[in-house]
Amino acid sequence: MQKRRLGKSDLEFAPIAFGGNVFGWTADEATSHKLLDAFVDAGFSFVDTADVYSRWAEGHTGGESEAVIGSWLRKDPTKRDKVLIATKCGMEMPNFGTGLSRAHIVKSVDASLKRLNTDRIDLFQSHQDDKATPQEETLSTYDELVKAGKLRAIGASNFEAPRLAEAAKISKEKGLPAYVSLQPHYNLVERALFEGPLEDECLKEGLGVIPYWSLASGFLTGKYRSESDLGKSVRGPRGVKKYLNDKGFAVLKAVDDAAKKHNASNTTVALAWLLQRKAVTAPIVSATNLGQLKDLLAAPALKLAPESVAAIDKASAPA
């Protein structure tokens, strides 16, 4: 399996990122540990989480996902050198704060390090833009933390193209760490959210692109084909109903056809399509059982036939 480098950093990993949003939520601690073991044993290494995961669940306040990763590392400290840990701050943490000010970033990094049971974070990301804080303040703070050895590289998430370009300009002019990656919302049924100025900026600056919601909340797996299917997942009613339309069904048919042609799952095909995009470095995907994980990890080895790519491109083309 060919490894990829994350943007301009020296971080290398196999091209699938495990989305830790499920850890401590839809996957309990024991299941999460099994999934992480299987992920690493299969030769993969990139694990993505955030301080706010999973504050949306009843009784949760955030930090649950990081704590599960930390307990996994505590069981076997040798695993730390086998994984690239990415986390984030910037979204509101109840009774803790929000934003990308120096004060909030510093305390967020220390809190994440403690929960993760590690002395460094490989990729620390600004979870969302904070227009109330000067970008130079944010990047200067990251500079201090990189020099202190707490962070190896920094990335951005949910940034618009002009703000991403402004950050790159400040980094160059001030000699500060630059964002090496972007986490955008991007998948086959929502291509317009990334393609265009944002994708162009990432290609221009050589940023690694690690899209989230790569499977459109599970819609692209083929699990949800009518409103009666929405009860199959805790995320179904909230995240999938908007895809149950002519466009969504057309995309699903193209994925179905490619899956049949290649004797692969819809999941594997949808991720393989993302991986053939020039800008994409590694899709972020989640699994709550080993069967799901197997389909995710098969994507890098699947080379879609040109006719399959063309059919999927046509069905999913932005309006």
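Things worth noting here:
- The residues packed around residue 49, meaning those with a beta-carbon under 11 Å from its beta-carbon, carry a net charge of -2 if Lys and Arg are +1 and Asp and Glu are -1.
- Net +/- balance of residues flanking residue 96 in space, Cβ distance below 9 Å, scoring K and R +1, D and E -1: -1
- Within the listed set 94, 211, 306, the Gaussian network model of the chain (springs between alpha-carbon atoms below 10 Å) gives the highest mean-square fluctuation for 306.
- Helix-only arithmetic for the chain: the sum of -39500 (n - 2.57) across DSSP H runs with n ≥ 4, divided by the residue total, places the mean residue ellipticity at 222 nm at -12000 deg cm²/dmol.
- Each of 185, 104 has some number of other Cβ atoms within 10 Å of its Cβ, and from fewest to most they run 185, 104.
- For residue 278, a cut-off of 21 angstrom between C-alpha atoms picks up these lysines, skipping any fewer than 8 places away in its own chain: 3, 8, 204, 303, 314.
- Nearest-20 debye value, region 157-232 charge dipole, Cβ charges on Lys, Arg, Asp, Glu: 200
- Antiparallel DSSP beta bridges within the chain, as percent of all bridges there, nearest 5: 10
- Value of relative contact order over region 4-183, rounded to a whole percent, pairs C-alpha under 8 Å and six or more apart: 18
- Only Lys, Arg (+1) and Asp, Glu (-1) charged, at Cβ; region 4-183 dipole about Cα centre in debye: 400
- Taking the average, over residues, of other Cβ atoms within 10 Å as the packing measure, peptides 162-174, 73-85 rank 162-174, 73-85 from highest down.
- Ignoring aspartates and glutamates fewer than eight residues from residue 242 along the same chain, the ones with Cα atoms less than 18 angstrom from its Cα are 190, 227, 229.
- Cα centre as origin, Lys/Arg/Asp/Glu Cβ charges: region 183-271 dipole, Debye: 520
- Think of region 175-319 as a dipole: +1 on every Lys or Arg Cβ, -1 on every Asp or Glu Cβ, centred on the Cα centre; then among 292, 196, 272, 292 lies furthest on the positive end.
- Inter-centroid distance (Cα atoms) of region 134-170 relative to region 104-124, Å: 15
- Most mobile listed residue (220, 271, 176) in the chain, GNM with C-alpha springs under 10 Å: 176
- Of 88/150; 131/247; 88/114; 88/241; 241/294, those spanning more than 24 Å from alpha-carbon to alpha-carbon: 131/247; 88/241; 241/294
Any read-out appearing in this document is the output of simple, stated calculations on the displayed coordinates, not a laboratory observation. Because the structure is predicted, anything quoted here is derived from the model rather than measured. Backbone-built Cβ (ideal geometry, glycine too); neighbour counts: all protein chains shown.
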